[in-house]
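Worksheet: one structure, shown below.
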Amino acid sequence: MANITYNGCNKVKKAVENNDLASKKVKAILEAGAKGTNNGLIALLRADHAHVTGDVAVAFKWLKNGDLEIVGYGEKNKGKRVSGDGGYEWKYCP
């Protein structure tokens, strides 16, 4: 079974863990596996993303060892957009 990793990015881990729906979504992504569905590439993070709600998303990558790395937690951006952000303000570790 694959593991969930945050690559040492505590701010993303805390954001996901503090949102019950996001935590459930991450587990659903893991269960669906690498061939599961996603909502497309977030160029800024070089990662796929999945909607949690209409206003929240998680960004993720599948690692070569089969683990799921959560690389971002995003909330709909209601202000200035950044190229490649997919319309979200992302918490992530560069």
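Of the strands (runs of 3 or more DSSP E) lying entirely inside segment 11-78, those containing at least 3 residues that are touching a residue at least 12 places away in the same chain (Cβ under 8 Å), of a type outside the set (G, A, S) and in contact with a helix residue (DSSP H, G or I) (Cβ under 8 Å, 6 or more places away or on another chain) are 56-62, 68-76. Restricting segment 79-94 to residues that are charged (D, E, K, R) and not in a strand (DSSP E or B), the residue that is surrounded by the most Cβ atoms within 10 Å (Cβ to Cβ) is D85. Got at least one residue in segment 40-53 being closer than 15 Å to E89 by Cα, more than 12 Å from the chain's Cα centre (by Cα) and among the β-branched types (V, I, T)? Yes, segment 40-53 contains a residue that is closer than 15 Å to E89 by Cα, more than 12 Å from the chain's Cα centre (by Cα) and among the β-branched types (V, I, T).
Just so you know, all these numbers are worked out from the coordinates, no wet-lab data involved. Predicted, not measured: the structure shown is a model, and the values here were computed from it. Don't worry about glycine lacking a Cβ; one is built from the backbone with ideal geometry, like all the others, and counts go over all protein chains shown.
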